[in-house]
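Before any comments, here is the structure.
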Ligand SMILES: NC(=O)c1ccc[n+]([C@@H]2O[C@H](COP(=O)([O-])OP(=O)(O)OC[C@H]3O[C@@H](n4cnc5c(N)ncnc54)[C@H](OP(=O)(O)O)[C@@H]3O)[C@@H](O)[C@H]2O)c1
């Protein structure tokens, strides 16, 4: 039986991971749970999965959490704050830590888990994108596994099993195309938050759903693929595949192409990250190619979706630039979700912040450099937005 700790247990990745654990109690058990602020769901999860330790990041929610599970015997260790989440990540006998926290908030807990010798089932792509210069050497140093749980990277990882060293020639990431794939570019000027949150194929958290609508998610995945599989950016391509049946492909040196297929269900990559290298028999809906129907493909539209090129450029700039891109994106998406900026402002904000950072980019950033770059980029986006607000107030006063 594998002992698992789950960070971000109350989110989309978290609840789907717990669905797997509840279906296969003889294979997996939960050691630790951590979430952001959702007391009610975390308390219900503690009641059902009986972890040894749990944490809630928002400190003022701890009393409510304690009260919600006061009748449980034995009581788990209950912690709060970022330090509490980090303690859960490194705690006890968990063999694998599933990183389902959204955003760069996952970076320090992931580092703590690696330093404690845990394998990482990586859903939280922002951690690797921002922190790879620090995370990858630590993975090497502590001899732990970094197992992709993102569906595209799991597909690539699955295709790579049995491919000899040097056999990989090209990675082809598939993209659903997000909420606006069939919208005319002129209509993007009128996008609402509700529009951006309607993903055609996947049900996910709000941030990644907006990232899918801007196609920044695919750009982030290009950088993630570069770090996970050591492929240079010239050999990582994106293709739009609206049906989301092929989860990604690899091309080998002899031009043979391998793909991994399945319904759009995140439990499959999560299960493989947890069971690797084994395969667990499931009773989940089997793929029916006739039902799936036509599988179609088209070129990504870089005019309509500038975020992909911004991500390639940041990836190639390396150093702390991917951290800056990621933080600017996180902050811009948060402002968009709060209806403070427009959908089309998201790539504009990111581009201007990355342009301003270029000169300061150091080749081998430390963790402190990365954390500082992340903070700087968020601040820059906030300042730019304040200036925009001031300007529009002045215009409306005139
Ligand atoms: N959802 C998918 O299908 C999918 C697919 C591929 C990759 N991913 C990646 O997986 C990650 C999670 O995505 P998601 O869709 O599951 O997001 P989500 O539904 O928004 O869930 C985010 C989770 O993180 C928790 N959280 C937020 N800040 C935290 C903090 N500082 N400390 C501890 N926990 C914190 C939230 O807790 P509260 O709810 O309590 O606030 C929640 O449990 C993202 O990096 C995303 O890119 C997701």
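Summary table below
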{"read-out": "Where residue 62 falls short, out of the listed (1) free of Cβ contacts under 8 Å to residues at least 40 places away in the same chain; (2) within 16 Å of the ligand (Cβ to nearest atom); (3) within 14 Å of residue 5 (Cα to Cα)", "value": "(3)"}
{"read-out": "Unmet requirement for residue 144, which otherwise passes all of (1) more than 13 Å from the chain's Cα centre (by Cα); (2) surrounded by 20 or more Cβ atoms within 10 Å (Cβ to Cβ); (3) part of a helix (DSSP H, G or I)", "value": "(3)"}
{"read-out": "Selection count, region 117-137, where residues are within 13 Å of the ligand (Cβ to nearest atom) and in a strand (DSSP E or B)", "value": "3"}
{"read-out": "Odd one out for residue 199 among (1) in contact with a helix residue (DSSP H, G or I) (Cβ under 6 Å, 6 or more places away or on another chain); (2) more than 22 Å from residue 306 (Cβ to Cβ)", "value": "(2)"}
{"read-out": "Positions within region 24-58 being more than 13 Å from the ligand (Cβ to nearest atom) and in contact (Cβ under 8 Å) with a residue 60 or more places away in the chain, in sequence order", "value": "24, 27, 28, 31"}
{"read-out": "Checklist (1) within 16 Å of the ligand (Cβ to nearest atom); (2) at pLDDT below 95 applied to residue 303, failing item", "value": "(1)"}
{"read-out": "Residues located in region 79-116, provided they are assigned to a helix (DSSP H, G or I), touching a strand residue (DSSP E or B) at 6+ places or on another chain (Cβ under 9 Å), in contact (Cβ under 8 Å) with a residue 60 or more places away in the chain and more than 12 Å from the ligand (Cβ to nearest atom)", "value": "113"}
{"read-out": "Residue in region 179-202 that is nearest to the ligand (Cβ to nearest atom), counting only those that are over 20 Å from residue 338 (Cα atoms) and touching a residue at least 24 places away in the same chain (Cβ under 8 Å)", "value": "202"}
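The values are calculated or read from the model by the stated rules, or taken from the named source; none is laboratory data. Just so we're clear, the structure is a prediction, and the values are computed from it rather than from any experiment. Backbone-built Cβ (ideal geometry, glycine too); neighbour counts: all protein chains shown.
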